[in-house]
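Here is the structure we will look at.
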Amino acid sequence: MKATRIPGSNSLELCLSHSIAGECVTIWTNTLASWKDSLNISTYLKESLFLTTVLLAKEGGMTTWVLRALTSDRAGNVSDTIVHGIASVFCCPDYRGRGYALRMMRELAKVLLTCILYSDISKSYYAAFGWNPSLTNTHVVFPPKTSNNLTTKHIPVGDLPRLCEKDESMIRRAMAALAEKSKTRLTIMLDLDHMLWHIGKEDFACKILFGKVPYAKGAIAGLLGTQVWAIWTHRYYANPDAKTDDNTLYILRLVVENSEWEDIHLPDREKNPGYRQQVSHLQAVLVAAQNEAALWKLDQVKLWHPTPAVQEMIHLSGIEYSMVEREEDSIASGI
């Protein structure tokens, strides 16, 4: 249907609907210029279809993206809820400037009672529809760097179920703690299905680009009770042989055990041998991430929204990094 023949954005004929198979192909074709990364057109279409079959997405799991979340009240009562994550918002160029994106977001706001998205068009655009931006949108960038003295262990895909289950238990305990400054808290539970979705995308691209997939899905250091581990994914926005600064090793999840350090005043923490040892574990994991990035021709390592305690540990580790506060792109927003 040509743009001149479709209903206006205020028309009662318009309604929300789930796309059918043929419409999905049209959507993927329209978005490929923006989101195909390093893949060619036919391979991007195959990847898009493949990503509907992984655990997180198959059997209706991706309507866009359905996430599991925990909420807790001020008294520490924890409950499981459903949160929708809008992964991508796109309007075909032929239909832009006519209010269709605005109409769709208004309709979504009516049916998605709890929802998150990341805005690439400032903090104010989606706020007008009820998606309020986070007060902070911070990430840390580390340069790739080869190391011959790694002290961490690789995390193979077979170890992910155990680590994700352990992480979830720690998150539930933290959410059950009494909240002094807020009435309600919410966290997205990054379970195994979420990790495998990102790894599925990673494996698909790496098979095309390198003919093999990365063995290490992360790195872990330390003894039980004081371990630090990271789970990561390789993302190629451009061919790895091209001159670019964008290809990234994303740390999907960074876990630091023994989080009671956060309740101790920083100068007292620094004097404690156990705390200094854990800082060294964090440094070792980050060095492993830098080495992984260098090994797989990635331009940077990114860690999104580290806690204040982790930021302090990164600073104390002496590792090279830069801190970025995002103002216009990837703005975390929730409704």
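Excluding GLN277 itself, what net charge comes from residues whose Cβ is under 14 Å from its Cβ, given Lys and Arg +1 and Asp and Glu -1?
Numbers: positive: ARG269, LYS271, ARG276; negative: GLU257, GLU270.
It works out to a net charge of +1.
Amide H to amide H, which residues 5 or more places from GLN227 or on other chains are under 5 Å from it, using H placed in the peptide plane?
Excluding prolines and chain starts, which carry no amide H, the hits are GLU257.
Just add up the charged neighbours of VAL140: K/R +1, D/E -1, any other residue whose Cβ is under 13 Å from the Cβ of VAL140. Kindly include the intermediate steps, with their values, before the conclusion.
Working: positive: LYS302, ARG326; negative: GLU312, GLU320, GLU325.
With Lys, Arg at +1 and Asp, Glu at -1, the neighbours total -1.
Please give the contour-minus-distance gain from ASN10 to GLU107: 0.36 nm per residue of separation, less the Cα-Cα distance, rounded to one decimal in nm. Could the numbers behind the result be given before it?
Details: separation 97, 0.36 × 97 = 34.92 nm, distance 1.12 nm.
Gain in length upon complete extension: 33.8 nm.
Between LYS145 and ALA127, 0.36 nm times their residue separation minus their Cα-Cα distance comes to what? Each step should come with its number before you reach the end.
Details: separation 18, 0.36 × 18 = 6.48 nm, distance 3.92 nm.
Length gained, LYS145 through ALA127: 2.6 nm.
Which trypsin sites (Lys or Arg not before Pro) does the stretch 182-211 hold that lie in a coil by DSSP with at most 11 other beta carbons within 10 Å? Provide the component values of the computation, followed by the final result.
Working: sites: LYS183, ARG185, LYS201, LYS207; in loops: LYS183.
Filter output for the stretch 182-211: LYS183.
Within 15 Å, Cβ to Cβ, of ASP241, how many net charges do the neighbouring residues add up to if Lys/Arg are +1 and Asp/Glu are -1? Each step should come with its number before you reach the end.
Working: positive: LYS243, LYS297; negative: ASP37, ASP245, ASP246, ASP299.
Neighbourhood net charge equals -2.
So if R0 is 30 Å, what FRET efficiency would CYS24 and ASP120 give, r being the distance between their Cβ atoms, rounded to the nearest 0.05?
Details: r = 22 Å, r/R0 = 0.73.
Between CYS24 and ASP120 the formula returns 0.85.
Per 0.36 nm of contour for each residue apart, how much would the distance between LEU223 and LEU186 grow if the chain were fully extended, relative to their Cα-Cα spacing? It would help to have the intermediate numbers written out before the result.
On the way: separation 37, 0.36 × 37 = 13.32 nm, distance 2.98 nm.
The span from LEU223 to LEU186 would gain 10.3 nm if fully extended.
Kindly state, to the nearest 0.05, the FRET efficiency for GLU168 paired with ALA33, given R0 = 51 Å and r defined as their beta-carbon distance. Display every interim value, and only then the final one.
Working: r = 38 Å, r/R0 = 0.74.
Calculated value: 0.85.
Mind listing the phi-derived Karplus ³J(HN,Hα) values for the stretch 199-209, rounded to whole Hz, using 6.51, -1.76 and 1.60 with θ = phi - 60°, and x for any glycine or proline?
Running phi through 6.51 cos²θ - 1.76 cosθ + 1.60 with θ = phi - 60° gives 5, x, 5, 4, 4, 4, 5, 5, 5, 5, 7 Hz.
Would you mind checking which residues have amide H under 5 Å from GLY218's amide H? H placed 1.01 Å from N; only 5 or more apart, or other chain.
Here ILE155, TRP232 satisfy the definition.
May I ask which of LYS212/LYS243; LYS110/LYS302; LYS123/LYS153; LYS271/LYS297; LYS207/LYS243; LYS46/LYS212 have a Cα-Cα span longer than 28 Å here? Intermediate results must be reported in sequence, preceding the final value.
Details: LYS212/LYS243 22 Å; LYS110/LYS302 34 Å; LYS123/LYS153 40 Å; LYS271/LYS297 39 Å; LYS207/LYS243 21 Å; LYS46/LYS212 17 Å.
From the list (LYS212/LYS243; LYS110/LYS302; LYS123/LYS153; LYS271/LYS297; LYS207/LYS243; LYS46/LYS212), the Cα-Cα distance tops 28 Å for LYS110/LYS302; LYS123/LYS153; LYS271/LYS297.
Starting from the Cα of ARG276, step 7 Å along the direction of its Cβ; do the same at GLU325; then give the gap between the two resulting points in nm.
Roughly 3.2 nm, to one decimal.
So if we plug the beta-carbon distance of LEU49 and ASN239 into 1/(1 + (r/R0)^6) with R0 = 25 Å, what FRET efficiency do we get, rounded to 0.05? Before the final figure, lay out each step's value.
On the way: r = 22 Å, r/R0 = 0.87.
For R0 = 25 Å, the calculated efficiency reads 0.70.
Can you give me the distance in nm between label points at VAL213 and SER88, each placed 7 Å from the Cα along the Cα-to-Cβ direction?
So the label points at VAL213 and SER88 sit 2.1 nm apart.
Applying a 10 Å radius around every beta-carbon, put 277-286, 24-33 in order of their mean neighbour count, most first. Before the final figure, lay out each step's value.
Values: 277-286: 21.8, 24-33: 14.5.
By packing density, highest mean first, the sequence is 277-286, 24-33.
In whole Hz and in residue order, list the ³J(HN,Hα) couplings for the stretch 148-165 that follow from phi through the Karplus curve 6.51 cos²θ - 1.76 cosθ + 1.60, θ = phi - 60°; x for Gly and Pro.
9, 10, 6, 10, 9, 10, 5, 9, x, 4, x, 8, 5, x, 5, 5, 5, 5
A short reminder: the numbers here are calculations on the coordinates, not readings from a lab. Keep in mind that this is a model prediction, so the values were computed, not measured. Note that each Cβ is placed from the backbone with ideal geometry, even for glycine, and that neighbours are counted across all protein chains shown.
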